[in-house]
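> I have a structure I would like to understand better, so I am pasting it below and will then ask my questions one at a time.
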Amino acid sequence: MKYRRAGIVASILLLATYGPVIADVLPDDRADILYHLYDGGGVTIDGPSILVRKKVGKSISFVANYYVDMISSASIDVVTTASPYTEERLQKSIGMDYLRGNTTMSISVTNSEESDFTSDSYSFSVSQGMFGDLTTLTLAYSLGKDEVRRSDDDTFVREADRQFYSVGLTQIMTRNLIMGMNVETITDEGFLNNPYRTVRYVDSSNPIGYSYEAELYPNTRTSTAIGIKARYYLPYRAAIQGEYRFFTDTWGILSHTGAISYTHPWGAWTFTGKYRHYTQGQADFYSDLFPRSEATNFRGRDKELSKFVSQNFRLQASYAFLQDGWGFVDKGTVNLIYDQLLIDYDNFRDLTTGALVGEEPAYRLDAGVYQLFISFWF
Amino acid sequence: MKATLIFRLLLPILLLAGLSACGPIEPWVKPYERDRLADPIMSLDPDPVSTAYIQHVFEAREGARGGEGSAGGGCGCN
C-alpha cells in the first residue's frame with residue numbers, strides 16, 4: 001500500500017522561474033544535471049533531474065526538464081498503518097519563451113506519472129519590462145488535471161482540477177538592492193485526499209484503544225500566498241537575502257515562512273548559508289485522534305495538515321570551472337548543497353512508542369537533503 | 001469568489017497602469033549603474049533546477065504552497 005499525497009503538480013514556474021530581471025532578454029542557454037537524495041523519517045527518495053535551455057534565433061528559447069523520484073518508504077504513517085513500499089515518479093516538462101520587444105511570453109506543458117497517479121499541467125505566462133527595465137511584471141496562469149487511482153482497486157479512479165493565478169513583480173530598488181514579490185492564488189476542485197490514508201478514532205472495543213477509518217477531505221480548496229524577497233549587494237562583493245511568505249487557505253491553514261541567506265564568493269568558489277523558518281496552524285478538520293467514528297463531516301490525519309514548526313539549515317558550495325570557455329561551452333559550475341530539515345509536530349503523535357492512547361509524544365522529523373549538480377552555459 | 005479573485009489579480013496592474021498614466025517615469029537606477037545587480041551572486045534564482053527540487057521537498061511536507069516565484073510538483077511521497 002502506498003502513502004502519498006496527491007499534491008500540487010505545478011511546475012508552472014519551474015520553467016519560467018522568477019520574473020527575469022530584464023524582461024527583454026531571453027534566459028541564457030544552459031544545461032543542468034542534478035542528483036538529489038532525501039533521507040529521513042524512514043523515507044529515502046533519490047533520482048536525477050536534467051534541465052536544458054537553448055535559444056533558437058534571437059526571439060525564441062526552448063526548455064525541457066526530466067525529473068525522477070525513486071521512493072523507498074517506511075515512514076511513520078506507513079509503519080503504523082500499512083507496509084513499506086517502493087515507487088517511482090517520472091516528471092517531464094517542455095516549454096518555450098517568445099521574446100517580442102519588452103515582452104516575453106512563455107508556455108509549458110508538464111506530465112507527472114506514478115503507477116497510481118497521473119497529472120498534467122498547462123501553463124502560460126507573460127513578462128513585461130517597464131520603466132527603463134527597473135520593473136518586470138509577470139502574469140501567469142496554469143491549469144492542472146490530476147487522475148488519482150488505487151493500486152489495489154482497478155475500478156477506483158478519481159479526478160481533480162487545479163488552477164493557478166500568479167502575479168509576480170521584480171523591482172530594482174537601488175544599484176545595490178533588488179526585490180521580488182509574488183502573489184499566487186490556487187483553486188482545487190475534485191478528489192483532494194489521499195486514497196490510502198486513514199484517520200484514527202477512539203474505539204474502546206479495540207484492545208489497542210483506537211481504530212482507523214478513511215480520511216475525508218472537502219472537494220474544494222482555495223489558497224492565497226504572498227511572498228516577498230529582497231537581495232542586497234554588500235560592499236565587499238557578497239550578497240544577503242531576506243524572504244517572507246504569508247499563506248492562508250479555505251481549509252483553515254495559516255502559515256508564515258521566513259528565510260535569510262548569505263552568499264560569499266572566494267576565488268572560483270561561491271559559498272552560501274541559509275536558514276529557513278516555517279510555522280503553520282492546523283486545518284479545521286485535522287485531528288490526531290477523533291473522539292469516535294465519523295465524528296466530523298470532514299476528517300484528516302495527514303501530518304502536513306497539523307500544527308508544526310519546520311526549520312531548514314542549508315550549506316552550499318559552488319566551484320566555477322572552464323571560466324575561459326572550452327569548445328562550445330562558455331563556463332561551468334559544480335555545486336553541492338546540503339539541507340538539514342527539522343520538523344517538530346505539535347499535535348501529530350508518534351504511535352510507535354506504545355504510550356497511552358492520546359498521550360503519545362509528538363512526532364519529530366529529522367531529514368538530510370543532498371543535491372549534487374553540474375551546470376554548463378553555452 | 002471569482003470576482004474577488006480577478007479583482008485581486010488585476011489590482012496591481014491597474015495601479016501600475018495608473019502610475020504610468022501620470023507621465024513617463026525616469027529610471028532612477030541608470031543602465032550603467034546596474035553592474036552590481038548583474039553580478040551572478042545577485043540572482044534571485046541562480047539555479048532553477050535546484051530551486052524547483054527543494055520547493056518540491058518543502059511543498060510535499062508543508063501545508064503552504066505557491067507565492068515563491070517558482071514551484072515544484074508531484075506527489076508528497078510521505
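> Pull out all pairs, ordered by first then second residue, where Cβ-Cβ is under 9 Å, the residues are six or more apart or on different chains, the first lies in the stretch B:37-49 and is buried (at least 20 other Cβ atoms within 10 Å of the Cβ), and the second is among the aromatic types (Phe, Trp, Tyr) and not in a loop (DSSP other than H, G, I, E, B).
B:LEU37/A:TYR233; B:MET42/A:TYR232; B:MET42/A:TYR233; B:ASP47/A:PHE373; B:VAL49/A:TYR67; B:VAL49/A:PHE373
> How about the stretch A:317-333: which of its residues are in a strand (DSSP E or B) and more than 12 Å from every other protein chain (Cβ to nearest Cβ)?
Selection gives A:ALA317, A:TYR319, A:PHE321, A:TRP326, A:VAL329, A:GLY332.
> Identify, from the list A:ILE228, A:ILE186, the residue that is β-branched (Val, Ile, Thr), touching a Ser or Thr at 6+ places or on another chain (Cβ under 8 Å) and touching a residue at least 40 places away in the same chain (Cβ under 8 Å).
The conditions single out A:ILE186.
> Report yes if some residue within the stretch A:208-219 is among the β-branched types (Val, Ile, Thr) and in contact with a helix residue (DSSP H, G or I) (Cβ under 8 Å, 6 or more places away or on another chain); otherwise report no.
no
> Can you pull out every residue in the stretch A:331-360 that is more than 23 Å from A:VAL52 (Cβ to Cβ) and touching a Ser or Thr at 6+ places or on another chain (Cβ under 6 Å)?
Scanning the stretch A:331-360 gives A:ILE343, A:TYR345, A:ASN347, A:PHE348, A:LEU351, A:GLU360.
> Oh, and also: Does A:TYR236 meet the test of being more than 7 Å from chain B (Cβ to nearest Cβ) and under 27 Å from A:GLY252 (Cα atoms)?
Here the answer is no, as A:TYR236 does not meet what is asked.
> Hey, does the stretch A:239-253 have a residue that's surrounded by 14 or more Cβ atoms within 10 Å (Cβ to Cβ) and touching a residue at least 40 places away in the same chain (Cβ under 8 Å)?
Within the stretch A:239-253, one or more residues are surrounded by 14 or more Cβ atoms within 10 Å (Cβ to Cβ) and touching a residue at least 40 places away in the same chain (Cβ under 8 Å).
> Related question: Taking the stated definitions as given, is A:TRP326 of a type in the set (A, V, I, L, M, F, W, C), more than 18 Å from A:ILE76 (Cβ to Cβ), out of contact with any His (no Cβ under 6 Å at 6 or more places or on another chain) and without any contact (Cβ under 8 Å) to a residue 24 or more places away in the chain?
yes
> Can you tell me which of A:SER151, A:SER123, A:SER127 is of a type outside the set (A, V, I, L, M) and touching a Phe, Trp or Tyr at 6+ places or on another chain (Cβ under 8 Å)?
A:SER123
> Something else about it: Might you let me know whether the stretch B:55-63 holds any residue that is modelled with pLDDT of 90 or more, surrounded by 20 or more Cβ atoms within 10 Å (Cβ to Cβ) and polar (S, T, N, Q)?
Yes: the stretch B:55-63 contains one or more residues that are modelled with pLDDT of 90 or more, surrounded by 20 or more Cβ atoms within 10 Å (Cβ to Cβ) and polar (S, T, N, Q).
> Working only within the stretch A:1-38, note down all residues that are at pLDDT 90 or above and within 30 Å of A:ALA214 (Cβ to Cβ).
Passing the criteria: only A:TYR38.
> Can you tell me which residue within the stretch A:60-85, out of those that are more than 11 Å from chain B (Cβ to nearest Cβ) and outside any loop (DSSP other than H, G, I, E, B), is nearest to A:ASP32 (Cα to Cα)?
Top of the filtered list is A:ALA64.
> Provide a single number: the residues in the stretch A:214-238 that are of a type outside the set (Lys, Arg), surrounded by 20 or more Cβ atoms within 10 Å (Cβ to Cβ) and under 20 Å from the mean Cα position of the chain (by Cα).
Total meeting the criteria: 3.
> A further question follows. Does at least one position in the stretch A:175-194 carry a residue that is within 23 Å of B:GLY66 (Cβ to Cβ), facing chain B (nearest Cβ under 10 Å) and part of a loop (DSSP other than H, G, I, E, B)?
The answer is yes, given that some residue of the stretch A:175-194 is within 23 Å of B:GLY66 (Cβ to Cβ), facing chain B (nearest Cβ under 10 Å) and part of a loop (DSSP other than H, G, I, E, B).
> So, in the stretch A:86-95, of the ones that are in contact with a Leu (Cβ under 9 Å, 6 or more places away or on another chain) and more than 11 Å from chain B (Cβ to nearest Cβ), which residue ends up surrounded by the fewest Cβ atoms within 10 Å (Cβ to Cβ)?
A:ILE94
> If you don't mind, another one. Can you tell me which residue is farthest from the other protein chains (Cβ to nearest Cβ) among those in the stretch A:334-358 that are of a type in the set (Val, Ile, Thr) and not in a strand (DSSP E or B)?
Ranking the qualifying residues of the stretch A:334-358, first place goes to A:VAL357.
> Based on what the data block shows, is A:GLY209 at pLDDT 95 or above and more than 14 Å from chain B (Cβ to nearest Cβ)?
In short, no.
> Report the residue count in the stretch A:280-296 for those that are in a loop (DSSP other than H, G, I, E, B) and without any contact (Cβ under 8 Å) to a residue 60 or more places away in the chain.
4
> Name the residue, out of A:THR103, A:THR135, that is within 30 Å of B:TYR32 (Cα to Cα), at the interface with chain B (Cβ under 10 Å from one of its Cβ atoms) and polar (S, T, N, Q).
Every option except A:THR135 fails the conditions.
> Here is a list: A:SER93, A:SER119, A:SER106. Which entry is in a strand (DSSP E or B), over 25 Å from A:ASP29 (Cβ atoms) and in contact (Cβ under 8 Å) with a residue 40 or more places away in the chain?
The conditions single out A:SER119.
> Shifting gears a bit: Could you check the stretch B:35-46 and list, in sequence order, the residues that are within 7 Å of chain A (Cβ to nearest Cβ) and either over 17 Å from A:ASP28 (Cβ atoms) or under 16 Å from the mean Cα position of the chain (by Cα) (or both)?
Answer for the stretch B:35-46, where residues must be within 7 Å of chain A (Cβ to nearest Cβ) and either over 17 Å from A:ASP28 (Cβ atoms) or under 16 Å from the mean Cα position of the chain (by Cα) (or both): B:ARG36, B:MET42, B:LEU44, B:ASP45.
The values are calculated or read from the model by the stated rules, or taken from the named source; none is laboratory data. Computed from a predicted model, the values in this text were never measured in an experiment. Note: ideal-geometry Cβ built from the backbone for every residue, glycine included; neighbour counts use all protein chains shown.
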